[in-house]
Amino acid sequence: MLVAAAVCPCPPLLVPEVAGGAAHEMDEARAACHDAIAVLAAARPDRLVVVGTADPAGRGRYPQGATGSLRPFGVDLEVRLGEGPPAGHPLPPSLTVGAWLLRHTDWSAAPAEGLGVREPLPRERCARTGRELAASAERLALLVMGDGSACRTIKAPGYFDERAPAFDTDAARALGAADPAGLLALDEELAYELRASGRACWQVLAGAAEDAGLGGRLLYDQAPYGVGYLVASWS
(Lines give C-alpha, C1' and ligand atoms only; values in the text may rest on other atoms or scores of the structure.)
Protein backbone atom coordinates (compact mmCIF):
# COMPACT_ATOMS: atom_id res chain seq x y z
CA MET A 1 0.00 0.00 0.00
CA LEU A 2 1.24 3.48 -0.81
CA VAL A 3 1.86 5.46 2.38
CA ALA A 4 3.73 8.48 0.97
CA ALA A 5 5.07 9.98 -2.24
CA ALA A 6 7.40 12.79 -3.21
CA VAL A 7 7.25 14.35 -6.66
CA CYS A 8 10.40 16.12 -7.85
CA PRO A 9 11.74 17.47 -11.14
CA CYS A 10 14.71 15.69 -12.68
CA PRO A 11 17.03 18.22 -14.36
CA PRO A 12 20.71 17.44 -13.76
CA LEU A 13 20.98 21.16 -12.88
CA LEU A 14 19.59 20.21 -9.46
CA VAL A 15 23.09 18.90 -8.75
CA PRO A 16 25.23 21.94 -7.83
CA GLU A 17 28.35 20.48 -9.43
CA VAL A 18 26.51 20.31 -12.75
CA ALA A 19 24.99 23.80 -12.45
CA GLY A 20 28.32 25.36 -11.49
CA GLY A 21 28.04 29.11 -11.01
CA ALA A 22 24.28 28.98 -11.60
CA ALA A 23 23.68 26.48 -8.77
CA HIS A 24 21.95 29.12 -6.63
CA GLU A 25 19.19 29.42 -9.24
CA MET A 26 17.93 25.98 -8.18
CA ASP A 27 18.32 26.48 -4.42
CA GLU A 28 14.57 26.82 -3.81
CA ALA A 29 13.68 23.80 -5.92
CA ARG A 30 16.43 21.74 -4.29
CA ALA A 31 15.24 22.67 -0.80
CA ALA A 32 11.65 21.75 -1.71
CA CYS A 33 12.84 18.34 -2.93
CA HIS A 34 14.65 17.73 0.36
CA ASP A 35 11.50 18.67 2.29
CA ALA A 36 9.37 16.29 0.20
CA ILE A 37 11.82 13.41 0.74
CA ALA A 38 11.84 14.09 4.48
CA VAL A 39 8.09 13.41 4.46
CA LEU A 40 8.79 10.03 2.82
CA ALA A 41 11.18 9.11 5.61
CA ALA A 42 8.67 10.18 8.27
CA ALA A 43 6.11 7.77 6.81
CA ARG A 44 8.38 4.83 7.76
CA PRO A 45 8.04 2.84 4.53
CA ASP A 46 9.46 -0.65 4.16
CA ARG A 47 10.18 -0.15 0.46
CA LEU A 48 11.06 2.89 -1.65
CA VAL A 49 10.81 2.93 -5.43
CA VAL A 50 12.26 5.83 -7.40
CA VAL A 51 10.19 6.23 -10.57
CA GLY A 52 11.69 8.24 -13.41
CA THR A 53 11.42 8.87 -17.11
CA ALA A 54 13.71 6.80 -19.32
CA ASP A 55 14.46 6.17 -22.97
CA PRO A 56 13.75 2.69 -24.43
CA ALA A 57 17.15 1.37 -23.36
CA GLY A 58 16.70 2.62 -19.81
CA ARG A 59 13.19 1.42 -19.03
CA GLY A 60 12.59 -1.30 -16.47
CA ARG A 61 13.59 -2.08 -12.92
CA TYR A 62 16.85 -1.21 -11.16
CA PRO A 63 17.97 -2.97 -7.98
CA GLN A 64 19.35 -1.37 -4.88
CA GLY A 65 22.98 -0.54 -5.56
CA ALA A 66 22.44 0.50 -9.19
CA THR A 67 24.78 3.35 -10.10
CA GLY A 68 24.31 6.41 -12.29
CA SER A 69 26.88 8.83 -13.67
CA LEU A 70 26.81 12.57 -14.23
CA ARG A 71 29.72 12.43 -16.66
CA PRO A 72 27.42 13.08 -19.66
CA PHE A 73 26.71 16.46 -18.02
CA GLY A 74 30.34 17.40 -17.55
CA VAL A 75 30.89 16.24 -13.96
CA ASP A 76 32.97 13.24 -12.93
CA LEU A 77 30.50 12.10 -10.30
CA GLU A 78 28.73 8.79 -9.72
CA VAL A 79 25.83 8.15 -7.34
CA ARG A 80 24.41 4.88 -6.09
CA LEU A 81 20.77 4.04 -5.46
CA GLY A 82 20.49 2.99 -1.84
CA GLU A 83 23.09 0.97 0.01
CA GLY A 84 25.00 -2.13 -0.96
CA PRO A 85 27.47 -3.06 -3.70
CA PRO A 86 27.08 -1.83 -7.28
CA ALA A 87 24.41 -3.80 -9.14
CA GLY A 88 22.45 -3.83 -12.36
CA HIS A 89 22.64 -1.57 -15.39
CA PRO A 90 23.57 2.13 -15.19
CA LEU A 91 20.73 4.38 -14.06
CA PRO A 92 19.09 6.72 -16.59
CA PRO A 93 19.51 10.45 -15.86
CA SER A 94 16.18 10.89 -14.04
CA LEU A 95 16.94 8.08 -11.60
CA THR A 96 20.52 9.32 -11.23
CA VAL A 97 19.20 12.69 -10.06
CA GLY A 98 16.78 10.88 -7.75
CA ALA A 99 19.62 8.84 -6.28
CA TRP A 100 21.61 12.05 -5.76
CA LEU A 101 18.68 13.64 -3.90
CA LEU A 102 18.41 10.60 -1.63
CA ARG A 103 22.14 10.71 -0.90
CA HIS A 104 21.93 14.36 0.04
CA THR A 105 19.00 13.86 2.39
CA ASP A 106 20.78 10.95 4.15
CA TRP A 107 18.09 8.46 3.12
CA SER A 108 18.14 5.36 5.32
CA ALA A 109 14.45 4.75 5.94
CA ALA A 110 14.01 1.76 3.60
CA PRO A 111 15.67 -0.15 0.75
CA ALA A 112 15.61 1.90 -2.44
CA GLU A 113 14.99 0.55 -5.94
CA GLY A 114 14.37 2.19 -9.30
CA LEU A 115 11.86 1.99 -12.14
CA GLY A 116 12.48 3.60 -15.52
CA VAL A 117 9.28 4.52 -17.38
CA ARG A 118 9.08 5.48 -21.05
CA GLU A 119 7.21 8.75 -21.56
CA PRO A 120 4.90 7.42 -24.33
CA LEU A 121 3.56 4.68 -22.01
CA PRO A 122 -0.27 4.84 -22.22
CA ARG A 123 -2.07 6.02 -19.11
CA GLU A 124 -3.81 2.66 -18.62
CA ARG A 125 -0.47 0.86 -18.43
CA CYS A 126 0.93 3.59 -16.19
CA ALA A 127 -1.95 3.17 -13.77
CA ARG A 128 -1.64 -0.61 -13.84
CA THR A 129 2.07 -0.36 -13.08
CA GLY A 130 1.25 1.89 -10.14
CA ARG A 131 -1.31 -0.55 -8.77
CA GLU A 132 1.23 -3.37 -9.00
CA LEU A 133 3.76 -1.28 -7.10
CA ALA A 134 1.21 -0.47 -4.39
CA ALA A 135 0.47 -4.17 -3.95
CA SER A 136 4.17 -5.05 -3.67
CA ALA A 137 4.76 -3.79 -0.12
CA GLU A 138 2.81 -3.21 3.06
CA ARG A 139 4.25 0.31 3.32
CA LEU A 140 5.41 1.63 -0.04
CA ALA A 141 6.89 5.07 -0.70
CA LEU A 142 7.49 6.54 -4.15
CA LEU A 143 9.96 9.20 -5.25
CA VAL A 144 8.59 10.32 -8.61
CA MET A 145 11.03 12.14 -10.88
CA GLY A 146 9.77 14.09 -13.89
CA ASP A 147 9.33 17.54 -15.38
CA GLY A 148 6.36 19.49 -16.66
CA SER A 149 6.21 21.11 -20.08
CA ALA A 150 9.42 22.27 -21.74
CA CYS A 151 7.68 25.02 -23.70
CA ARG A 152 7.07 27.86 -21.27
CA THR A 153 9.29 30.50 -22.96
CA ILE A 154 10.95 31.09 -26.31
CA LYS A 155 14.27 30.03 -24.76
CA ALA A 156 12.83 26.75 -23.43
CA PRO A 157 14.09 23.46 -24.93
CA GLY A 158 10.82 23.10 -26.85
CA TYR A 159 10.40 26.82 -27.64
CA PHE A 160 7.18 28.56 -26.54
CA ASP A 161 3.81 26.85 -26.80
CA GLU A 162 0.75 28.74 -25.58
CA ARG A 163 -0.76 25.49 -24.30
CA ALA A 164 2.09 24.85 -21.87
CA PRO A 165 1.02 27.08 -18.93
CA ALA A 166 -2.44 25.52 -18.76
CA PHE A 167 -1.01 22.00 -18.90
CA ASP A 168 1.38 22.73 -16.06
CA THR A 169 -1.39 24.41 -14.06
CA ASP A 170 -3.55 21.29 -14.36
CA ALA A 171 -0.63 19.08 -13.33
CA ALA A 172 0.23 21.32 -10.38
CA ARG A 173 -3.38 21.35 -9.22
CA ALA A 174 -3.61 17.54 -9.30
CA LEU A 175 -0.25 17.06 -7.60
CA GLY A 176 -1.03 19.60 -4.91
CA ALA A 177 -4.40 18.00 -4.18
CA ALA A 178 -3.12 14.38 -4.31
CA ASP A 179 -5.74 13.81 -7.00
CA PRO A 180 -5.15 10.54 -8.92
CA ALA A 181 -8.09 11.20 -11.26
CA GLY A 182 -6.70 14.62 -12.12
CA LEU A 183 -3.32 13.11 -13.00
CA LEU A 184 -4.90 10.40 -15.13
CA ALA A 185 -6.86 13.08 -16.98
CA LEU A 186 -3.65 14.68 -18.29
CA ASP A 187 -3.62 14.33 -22.07
CA GLU A 188 -0.91 11.93 -23.28
CA GLU A 189 -0.55 13.42 -26.76
CA LEU A 190 -0.43 16.98 -25.48
CA ALA A 191 2.14 16.02 -22.86
CA TYR A 192 4.30 14.48 -25.59
CA GLU A 193 4.02 17.58 -27.77
CA LEU A 194 4.95 19.79 -24.81
CA ARG A 195 7.86 17.50 -23.90
CA ALA A 196 6.47 16.97 -20.39
CA SER A 197 8.63 14.08 -19.22
CA GLY A 198 6.76 13.69 -15.94
CA ARG A 199 3.37 12.74 -17.39
CA ALA A 200 3.86 8.95 -17.44
CA CYS A 201 5.57 8.87 -14.04
CA TRP A 202 2.83 11.00 -12.49
CA GLN A 203 0.25 8.57 -13.87
CA VAL A 204 2.14 5.65 -12.32
CA LEU A 205 1.77 7.54 -9.04
CA ALA A 206 -1.93 7.97 -9.73
CA GLY A 207 -2.40 4.22 -10.09
CA ALA A 208 -0.48 3.53 -6.89
CA ALA A 209 -2.50 6.11 -4.93
CA GLU A 210 -6.01 5.19 -6.09
CA ASP A 211 -7.10 3.66 -2.77
CA ALA A 212 -4.51 5.22 -0.47
CA GLY A 213 -6.51 8.26 0.70
CA LEU A 214 -3.44 10.50 0.87
CA GLY A 215 -3.39 14.27 1.19
CA GLY A 216 -1.16 16.49 -0.93
CA ARG A 217 0.87 19.66 -0.71
CA LEU A 218 2.47 21.59 -3.56
CA LEU A 219 5.91 22.79 -2.43
CA TYR A 220 7.30 24.34 -5.61
CA ASP A 221 5.88 25.48 -8.96
CA GLN A 222 8.23 27.48 -11.18
CA ALA A 223 9.72 27.41 -14.68
CA PRO A 224 13.19 28.95 -14.25
CA TYR A 225 14.50 27.71 -17.60
CA GLY A 226 11.21 27.60 -19.46
CA VAL A 227 10.54 24.09 -18.11
CA GLY A 228 7.82 23.43 -15.55
CA TYR A 229 9.42 22.16 -12.34
CA LEU A 230 6.95 20.88 -9.75
CA VAL A 231 7.59 19.52 -6.26
CA ALA A 232 4.79 17.93 -4.23
CA SER A 233 4.44 15.82 -1.13
CA TRP A 234 1.74 13.18 -0.55
CA SER A 235 1.16 11.56 2.81
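The values are calculated or read from the model by the stated rules, or taken from the named source; none is laboratory data. Nothing here was measured: the structure is a model prediction, and the numbers come from that model. Methodologically, a virtual Cβ is constructed for each residue, glycine included, from the backbone with ideal geometry; neighbour enumeration extends over all protein chains shown. For accessibility, only protein heavy atoms count, side chains too; no ligands or nucleic acids. Shrake-Rupley method; radii C 1.70, N 1.55, O 1.52, S 1.80 Å.
Odds and ends about this structure:
- Residue within the range 42-57 that is in a helix (DSSP H, G or I), more than 16 Å from the chain's Cα centre (by Cα) and either β-branched (Val, Ile, Thr) or more than 21 Å from Val117 (Cβ to Cβ) (or both) present: yes
- Sole residue being open to solvent by 10 Å² or more (accessible area, probe 1.4 Å), under 22 Å from Leu205 (Cβ atoms) and among the hydrophobic types (A, V, I, L, M, F, W, C), chosen from Ala87, Ala54: Ala54
- Screening His104 with (1) within 17 Å of the chain's Cα centre (by Cα); (2) open to solvent by 10 Å² or more (accessible area, probe 1.4 Å); (3) at pLDDT 95 or above gives one miss only, at (3).
- Residues that are in a helix (DSSP H, G or I), in contact with a Lys or Arg (Cβ under 9 Å, 6 or more places away or on another chain) and touching a residue at least 24 places away in the same chain (Cβ under 8 Å) do not occur anywhere in the range 218-232.
- Listed here are the helices (runs of 4 or more DSSP H) enclosed by the range 130-210 that have at least 2 residues being open to solvent by 10 Å² or more (accessible area, probe 1.4 Å) and modelled with pLDDT of 95 or more: 164-176, 180-184, 188-193.
- Members of the range 79-118 that are assigned to a loop (DSSP other than H, G, I, E, B), in contact with a helix residue (DSSP H, G or I) (Cβ under 7 Å, 6 or more places away or on another chain), aliphatic (A, V, I, L, M) and within 17 Å of Ala38 (Cβ to Cβ): Ala109
- A search for C-beta distances below 6 Å between a residue of the range 38-55 that is among the acidic types (Asp, Glu) and any residue that is in a strand (DSSP E or B), counting only pairs 6+ apart in sequence or on different chains, returns nothing.
- Residue match in the range 14-30 (condition: open to solvent by 40 Å² or more (accessible area, probe 1.4 Å) and in contact with a Ser or Thr (Cβ under 9 Å, 6 or more places away or on another chain)): no
- If you go through the range 58-78 and keep only what is assigned to a loop (DSSP other than H, G, I, E, B), in contact (Cβ under 8 Å) with a residue 40 or more places away in the chain and within 13 Å of Ala112 (Cα to Cα), you end up with Pro63, Gln64, Ala66.
- Qualifying residue in the range 119-126 (condition: of a type in the set (A, V, I, L, M), at pLDDT 95 or above and in a loop (DSSP other than H, G, I, E, B)): no
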